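The values are calculated or read from the model by the stated rules, or taken from the named source; none is laboratory data. Small disclaimer: the values here were computed from a predicted structure and weren't measured. Cβ sites come from the backbone with ideal geometry, for glycine too, and all protein chains shown count toward neighbours. Calculation scope for accessible area: heavy atoms of the full protein, side chains included, ligands and nucleic acids excluded. Shrake-Rupley method; radii C 1.70, N 1.55, O 1.52, S 1.80 Å.
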Amino acid sequence: MPSSEFVVESHVGTSFRVNKVKSMFDCDMDVVRKQFSVNIPIEGQEWNVGLIVGASGSGKTTIARRLFEGFRVFDGFKWVGASILDDFAEDISAKQITEVLSKVGFASPPDWLKPFSVLSNGQKMRAELARLILESDCPFIYDEFTSVVDRQVARIGSAAIQKFIRKERKQFIAVSCHHDIAEWLEPDWIYDVNDMKFTRGYLRRPEISVTVRKAMQAEWREFMGFHYLSHQHSNAAHCYIAEIDGVKAAWCSVIHFPHPKAKNIKRIHRIVVKPDYQGIGLGGRFITEIARKYRALGFRVSLVTSSPAFIHGLRSSSKWKMTRKPGRMDGKSDYNNLKASSSNSRLTATFEFWEAIHGREATEQATLDATGATFADVEADASKAIEAA
């Protein structure tokens, strides 16, 4: 099992400054020693995430290296490309890279195109983890985990990362001096170096309190730089903001979908989650709550997206139904600007909010279906409008 007793020694030099300090503080010694007695009883146990935590200088890194010799200790990558995408190993496809980046909470295509040096510290941490996951064949240790990021970013990032680590059945040990990430990282075990204490058990992540409010059009400026497509925003849209602890975290806007047959269709116009809050399912829950609001008013709600994170998340949700699989729309376009916003150059998928469309509301759905308008019909009509124009 990972347990050991060992001594770390450092020989003291004999320079003038060293001798001066030794005499000033009466510490006449030739060797500085620190003894460790560590027991982390996880042999034969299944686990994915471990946490070694303690004060700076307590020996966290030494313990991690000594007890987990088969693990790769991450000590940084070279990032030299004009885009972070170009720094990943050549045998890894763009699809694999973008999927993993999205799953560790870095789902921002415009930022993927930037060099590593200009990313925020939170984005850098997630890019490093994505690359480490894709390029490492063995379990790994991330030293100084979350040490250089804002504490809110650290907590949200920890929640996003551990979720993906577990899904991929990887083994990952975070080494950190910050205890505040423990509940968010939800480690299977913790070793606290401060008191040499081992704790086994799955911690439960604290609830995230999200407040949704109506937004003003002018507030779009704070989110448009994070949107993966056009920065344009329709003045006719109804706008909403999700806040976490009073901080604006996500934007969602809804617009009416004009159609000659179905008069009760709304579509998600823009959905943006700021990078520091990606990876915890905020976007999916936000649009679900907004869709539920419009559904209660008798509207159908759809979403067209090319975001890998949204496609993956909504595809596995029981509340949304994929009405068109990912593909190119062949000239079909966004409803609020048929001529200008063609989606034929990118892969998109269409979803409809489905939570309240089954069971007790079967009669209501039959009435809706009587319009003869599906979202596929709507997109086809949009395509015809373009051709006619």
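What the table shows:
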quantity	calculated
From phi via Karplus (6.51, -1.76, 1.60), per-residue ³J(HN,Hα) for the range 254-268 in Hz, x at Gly/Pro	10, 9, 6, 9, x, 8, x, 9, 8, 9, 10, 10, 10, 10, 5
Distance violations [Cα-Cα > 21 Å] among LYS167/LYS274; LYS214/LYS274; LYS274/LYS325; LYS95/LYS124; LYS103/LYS167	LYS167/LYS274; LYS274/LYS325
Charge dipole of the chain about the Cα centre (unit charges at C-beta), most positive-ward option of GLY76, PRO308, ILE268	ILE268
Heavy-atom accessible surface of the chain: percent carbon and sulfur, 1.4 Å	50 percent
Distant-in-sequence amide H partners of ASN48 (H built 1.01 Å from N, under 5 Å)	ASP188
Karplus-derived HN-Hα couplings along the range 78-95 (A = 6.51, B = -1.76, C = 1.60, θ = phi - 60°), whole Hz, x at Gly and Pro	8, 10, 10, x, 5, 9, 4, 4, 7, 8, 6, 4, 5, 7, 9, 6, 4, 5
Listed candidates (i) 26.1, 93; (ii) 24.2, 82; (iii) 25.1, 86 - label of the one calculated as Rg and Dmax of the Cα atoms in Å	(i)
VAL73 long-range amide H proximity, modeled H, under 5 Å	ILE141
Extension gain (nm, one decimal) between ALA94 and HIS179, 0.36 nm per residue minus Cα-Cα	27.0 nm
The range 38-46 - phi-based ³J(HN,Hα) in whole Hz, Karplus 6.51/-1.76/1.60, Gly and Pro as x	10, 9, 10, x, 10, 4, x, 9, 7
Net lengthening on full extension, ALA236/SER83 (0.36 nm per residue, minus Cα-Cα)	51.5 nm
Point-to-point label distance, VAL32-SER318, nm (Cα→Cβ direction, 7 Å offset)	5.9 nm
Fraction of beta bridges assigned by DSSP in the chain that are antiparallel (%, nearest 5)	70 percent
Whichever lysines have a C-alpha closer than 30 Å to that of LYS20, once near sequence neighbours (fewer than 8 apart) are set aside	LYS34
Other-chain or far-sequence residues with amide H under 5 Å of THR323's (modelled H)	THR350, PHE351, GLU352
Per residue accessible area in Å² of the chain, where ligands, DNA and RNA are left out and the probe is 1.4 Å	51 Å²
